[in-house]
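As structure tokens, the structure follows; a few thoughts come after it.
The values are calculated or read from the model by the stated rules, or taken from the named source; none is laboratory data. Fair warning: this is a prediction, and the values are worked out from it, not measured in the lab. Neighbour counts are summed over all protein chains in view; Cβ atoms, including those assigned to glycine, are modelled from backbone coordinates with ideal geometry. We work out accessible area using only protein heavy atoms, side chains counted, and drop any ligands, DNA or RNA first. Shrake-Rupley method; radii C 1.70, N 1.55, O 1.52, S 1.80 Å.
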Amino acid sequence: GTPGIKVLMPALSPTMEEGNIVKWLKKEGETVNAGDALCEIETDKAVITMESSDDGILAKILVEEGSKNVRLGSLICLLVEEGQDWKKVEIPADGSDPSSLAPPVPALTSAPAGPSVSAPSKVEQKPGKLQIRLSPAARNILETHGLDQSNITPSGPRGIFTKEDALKLLQAKQKGQPSELKPVVSPALPQRSAVLPSSQAMAMTSTYPRPAVPPVSTPGQPAALGTFTEIPASNVRRVIAKRLTESKTTIPHAYAAADCDIDAILKLRRQLAKDDIEVSLNDFIIKATAVTLKQMPDVNVICNGQVCRHLQSIDISIAVATDRGLITPIIKDVAAKGIKEIAASAKALAKKARDGKLLPEEYQGGSFSISNLGMFGISDFTAVINPPQACILAVGRARTELKIVEDEEGNEKLKQHQLMTVTLSSDGRVVDDELASKFLETLKANIENPMRLALC
């Protein structure tokens with residue numbers, strides 16, 4: 001056959017260990033130039049287009065669309081050079097079986113009968129004569145009346161033959177109906193030559209056997225009681241679970257909260273809207289956070305547990321909820337941007353995140369994270385730190401509260417205010433309680449006086 005050019009599953013993100021083939025953008029027999037889009041691959045972060053690094057003809061697709069959990073370095077397709085017969089491409093031995101690219105799925109198999117599984121020599125039991133644990137009272141009744149305990153199934157905990165069982169057996173004997181109380185013995189397991197221990201044998205003869213797992217529901221039919229639908233976890237969900245567990249178990253989280261008066265920001269938003277400048281409350285929060293980090297650079301740090309780094313650039317990760325899970329695209333150098341530019345960047349990144357089109361450099365890195373659940377009606381919450389960052393800010397919804405204020409004449413009166421709760425989760429190894437408190441105090445001042453944002 002024609003020797004082919006191997007194309008392997010690439011590492012499209014630093015934490016990627018396997019990927020899913022979403023769609024092939026080229027068909028077998030089509031010409032491929034270096035830089036052409038070859039296929040779409042779902043990584044642990046997003047769906048990324050893989051580009052070809054060679055010229056040639058796509059000769060053989062070894063991993064079809066929809067294939068899951070393809071390991072890094074696995075052979076996914078073959079190219080041949082221009083002028084060669086692509087239909088006669090030689091498939092290497094390591095690419096002949098695409099199923100070998102994915103990790104094997106564990107299956108339950110019965111143990112084969114043979115000399116490798118032998119019955120214990122010390123266990124000898126006759127059919128229907130199981131070794132039963134007797135309570136003292138039951139033993140006395142059985143020995144006194146000469147009863148056979150194998151004629152009834154024990155009802156006690158852990159298969160113990162109780163006094164009540166013995167009395168039932170005695171009563172049945174007196175009525176002359178021993179045949180109705182014969183135990184129901186489960187049939188022997190196929191292809192098993194080993195004899196089960198007595199405790200397991202008694203569990204198998206339970207009157208009310210319970211299945212190990214609930215049955216799977218049948219598509220197209222009403223769900224029966226106790227059934228479930230199995231939903232496989234995506235790569236993104238698995239990575240989120242891994243990173244959240246790592247964060248909560250290895251980083252000492254400390255929390256501090258503050259209520260911010262946002263009346264001045266809301267008034268400024270209305271003024272900007274008259275000039276057709278559309279910015280959100282979240283855009284002001286991002287800007288105020290960047291200004292605060294510039295004023296307090298000791299918070300703009302990352303830490304891997306051994307080495308901490310103070311970063312010069314203020315790159316803020318914004319949490320975006322997608323159908324595939326949570327992802328944090330990054331607005332770079334926020335302190336140098338204006339509110340309008342921040343709004344445009346945040347909107348564009350959020351759209352790319354929901355479409356699964358983020359580039360690796362758009363979600364890797366960052367020095368500080370912001371998670372805003374105010375649009376979902378959440379008043380306040382605590383967020384999990386995104387390592388190796390040292391802090392994340394959780395933002396709640398705006399709410400109306402009454403507050404006592406003094407007028408120009410010194411008279412006290414009630415006035416409505418719009419308040420918003422922000423909660424800082426900080427890495428106690430890097431940002432201590434005093435530094436976190438000062439950060440929130442400065443952030444609160446910057447939010448309540450938005451004119452300060454133009455000074456930095």
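General observations
- When only the Cβ of Lys, Arg, Asp and Glu is charged (+1, +1, -1, -1), the dipole of the stretch 5-80 relative to its Cα centre reaches about 140 debye.
- Two-site label geometry, L72 and C308: point separation in nm, points 7 Å out along Cα→Cβ: 3.0
- Environment charge of E81, counting only residues whose C-beta is closer than 10 Å and scoring Lys/Arg +1, Asp/Glu -1: -3
- Protein accessible area in the stretch 5-80, 1.4 Å probe - carbon and sulfur %: 44
- Shape category assigned to the stretch 288-362 from the gyration tensor of Cα positions, a/c cut at 1.5: oblate
- Among the GluC sites (Glu not before Pro) within the stretch 1-102, those in coil by DSSP and having at most 13 neighbouring Cβ atoms inside 10 Å are E30, E64, E65, E82, E90.
- Rounded to 0.05, the FRET efficiency of the K357 and E164 pair, given R0 = 56 Å and the Cβ-Cβ distance, is 0.20.
- Packing around the peptides 290-300, 384-394, 344-354, taken as the average count of other Cβ atoms within 10 Å per residue, puts them in this order, highest first: 384-394, 290-300, 344-354.
- For the stretch 367-410, the solvent-accessible area works out to 51 Å² per residue, with a probe of 1.4 Å and every protein chain left in place.
- Label-reachable residues, the stretch 49-78, where backbone N falls under 20 Å from a point 7 Å from N33's Cα toward its Cβ: 49-59
- In this structure, the residue pairs whose Cα-Cα separation is over 20 Å, taken from K26/K87; K248/K294; K415/K438; K267/K403; K242/K287, are K248/K294; K415/K438; K242/K287.
- Heavy-atom accessible surface of the stretch 361-456: percent carbon and sulfur, 1.4 Å: 49
- Estimated FRET transfer efficiency when R0 is 51 angstrom, pair E64-E409 (beta carbons, to 0.05): 0.05
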